[in-house]
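The structure under discussion appears below in the form of structure tokens.
Read-outs: derived from the displayed coordinates by stated rules, not from any lab. Just so we're clear, the structure is a prediction, and the values are computed from it rather than from any experiment. As a convention, Cβ positions derive from the backbone with ideal geometry for all residues, glycine included, and neighbour counts pool all protein chains shown.
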Amino acid sequence: MTSAYEELLWASEDEPVSRRTFLSGALLGGAGLLAGLHSKEAVANALAGRRPSQVQGIGVPKGLVRLAFNENPVGASPKAIEAVMAHQDWMNRYDYTTTLQKALIRFHKLDIPRPSGFDFKAVGDQHGLILGVGTTELLQLLALEAFMGHGETIEALPSYGQITRVGDELREAGYPVLARRVPVTPDGNHDLEAMRQLITDRTGLIIICNPHNPTGSLLPHQDVIDFIDQVPPHVLVTVDEIYIHFVRDPAYQDFMELAKERENVLVLRTFSKAHGLGGMRVGYGVGHHKIIKRLAPFSMGLLGRNNLSVHAAAAAVDDTDHIQRSQQVVWEGNDYLSKELQKLGASVLPSHANFLWVDFGRETRRIVRELWTKKVMVRAGAGAWESPNHIRVSTGSKAENEAFIWTLDQILA
């Protein structure tokens with residue numbers, strides 16, 4: 001039996017004619033002329049990427065343009081792929097190693113003295129490091145620790161929302177917890193002053209996603225420092241930096257060093273984005289070892305990882321060539337999408353992430369549904385994000401981006 005989701009995803013509809021359809025037809029009709037001037041490969045490249053059916057994205061079936069989950073269109077780090085192949089016979093074993101912890105300790109220079117002797121758990125604890133099944137598991141256990149210890153949390157609206165989801169589920173189960181949400185400013189950034197004013201004795205956690213999901217906006221480093229300086233010591237400030245590799249300002253400073261110094265600051269990172277390991281599910285947090293010990297009881301620990309993901313992440317952590325390739329594709333894609341979306345009448349916030357937050361000035365649920373029926377997947381701003389006029393579109397490959405714009409134009413026409 002086909003689910004409603006599958007019917008929506010795979011439904012086939014005739015595509016209406018628009019100015020872009022006409023131009024595409026004219027280009028096809030002139031293919032013979034083009035072939036006389038360029039190679040067949042050049043002509044194919046000129047015509048490719050216009051329709052979803054022509055697109056072959058990495059890691060998805062041909063004809064599916066998946067721009068809904070902020071995935072890396074370049075694929076996985078080649079070093080990670082090599083590591084997986086080298087350890088493919090290890091799948092019958094649990095990962096009882098410190099391979100990834102040691103790689104991260106070296107990479108981030110977590111120079112807290114190592115414990116004497118071998119202690120699997122202490123290698124992470126003593127260096128202020130915790131691993132997770134992506135950063136989603138880490139957000140989950142941060143929420144649990146905060147709600148169980150204090151009862152309240154604060155995050156932006158819209159946001160990834162994992163903290164609020166946990167709070168809602170706990171409250172429905174009868175626990176007296178409260179997940180507060182503060183609307184972002186018009187430029188898509190956290191309203192730090194409004195968040196500060198909501199802090200009470202029961203506040204245990206504040207999440208700052210920087211760059212922010214889903215708006216792509218970036219808070220200045222000093223603004224966040226000033227905010228943290230005003231936060232009471234009982235409140236844990238977690239800076240979610242999973243999109244940090246796509247910040248275009250070379251002078252921007254992250255919060256990793258601050259997390260090493262402060263007892264109430266934790267930084268989250270992931271291998272899902274720039275490293276291209278979304279399907280491997282590896283995230284980590286860096287902070288004071290006291291924070292790590294508070295979170296440990298809520299963590300799956302050893303059983304929360306698999307052998308292949310550990311070795312893939314350890315190999316990918318310093319693959320700067322792949323990160324630079326990913327950055328270039330995303331930055332060029334963001335420029336192209338911003339320009340084309342503005343031509344179609346939409347407003348686009350400048351993005352420091354691998355997606356764009358797009359305001360159409362009117363309700364977008366129908367637009368998103370139409371895109372999905374044509375096998376182009378984006379996220380609607382309606383629902384939990386409470387932004388019915390917006391969509392979030394992930395940055396894809398050149399062909400994926402062109403197919404999205406072409407399909408969107410058909411719908412808007």
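Quick query: amide H of GLY381 versus all other amide H atoms, modeled in the peptide plane; which residues come in under 5 Å with a sequence gap of 5 or more or a different chain?
Hits under the 5 Å cutoff: HIS390, ILE391, ARG392.
Students often forget the sequence filter, so: which lysines lie under 25 Å Cα-Cα from LYS374 once same-chain residues fewer than 8 apart are removed?
Cross-link targets: LYS62, LYS339, LYS343, LYS398.
Modelling each spin label as a point 7 Å along the Cα-to-Cβ direction, I'd like the LYS102/LYS290 distance in nm, to one decimal.
Inter-label distance under the simple model: 3.1 nm.
Please go through segment 68-104 and write out the trypsin sites (Lys or Arg not before Pro) that DSSP classes as loop and that have at most 14 other C-beta atoms within 10 Å.
Within segment 68-104, the qualifying trypsin sites (Lys or Arg not before Pro) (loop, at most 14 other Cβ atoms within 10 Å) are ARG93.
How do TYR284, TYR252 rank when sorted from fewest to most other Cβ atoms within 10 Å of their own Cβ?
Result, fewest neighbours first: TYR252, TYR284.
Taking the alpha-carbon centroid of each part, what is the distance from segment 334-384 to segment 273-320 in angstrom?
Each part's Cα centre sits 31 Å from the other's.
Taking 7 Å along the Cα-to-C-beta vector as the label spot, tell me the THR200-GLU263 distance in nanometres, rounded to one decimal.
Inter-label distance under the simple model: 2.5 nm.
What size of dipole, in debye to the nearest 20, comes out for segment 78-316 about its Cα centre when the only charges are +1 on Lys and Arg C-beta atoms and -1 on Asp and Glu C-beta atoms?
720
Would you mind calculating the gained length between ALA413 and ASN92 on full extension (0.36 nm times residue separation, minus the Cα-Cα distance), in nm to one decimal?
Fully extending the segment from ALA413 to ASN92 adds 110.2 nm.
Count the lysine pairs in segment 78-316 that are 8 or more places apart or on different chains: how many have C-alpha atoms under 26 angstrom apart?
Final tally of qualifying lysine pairs is 19.
For ARG171 and THR136, FRET efficiency with R0 = 22 Å and r from the beta-carbon atoms, rounded to 0.05?
Between THR136 and ARG171 the formula returns 0.65.
If amide H atoms are built 1.01 Å from N in the plane of the peptide, which residues on other chains or at least 5 residues away come under 5 Å of the amide H of VAL247?
Under 5 Å from the amide H of VAL247: no residue qualifies.
Sorted from fewest to most neighbouring beta carbons within 10 Å, what does the list PHE255, PHE360 look like?
By the 10 Å Cβ count, ascending: PHE360, PHE255.
Over segment 78-316, what is the relative contact order in percent, taking alpha-carbon pairs closer than 8 angstrom and at least six residues apart?
Computed over segment 78-316, the figure is 29 percent.
Scan around GLY151 for amide H atoms under 5 Å from its own, H built in the peptide plane at 1.01 Å from N, and keep only partners 5 or more places away or cross-chain.
GLY204
Provide the gained length on full extension for the span GLN342 to THR185, in nm with one decimal, where the gain is 0.36 nm per separating residue minus the Cα-Cα distance.
Residue separation times 0.36 nm, minus the Cα-Cα distance, leaves 54.4 nm.
Using the Kirkwood formula over every pair of different C-alpha atoms, what hydrodynamic radius in Å results for segment 78-316?
Answer for segment 78-316: a Kirkwood hydrodynamic radius of 18.4 Å.
For segment 127-237, what class follows from the C-alpha gyration tensor (a ≥ b ≥ c being the square roots of its eigenvalues): rounded when a/c is under 1.5, otherwise prolate if a/b is larger than b/c, else oblate?
It is rounded, given that a/c, with a ≥ b ≥ c, falls under 1.5.
Among SER299, VAL237, VAL224, pick out the residue whose Cα is farthest towards the positive end of the charge dipole of segment 78-316, where Lys and Arg carry +1 and Asp and Glu carry -1 on C-beta, about the Cα centre.
It is SER299, whose Cα lies furthest towards the positive end.
What spacing in nm lies between the two simple spin-label points modelled at SER53 and ASN389, each 7 Å away from Cα in the Cβ direction?
3.6
Would you mind telling me the antiparallel percentage of the DSSP bridges in segment 229-339, rounded to 5?
Rounded to the nearest five, the antiparallel share is 55 percent.
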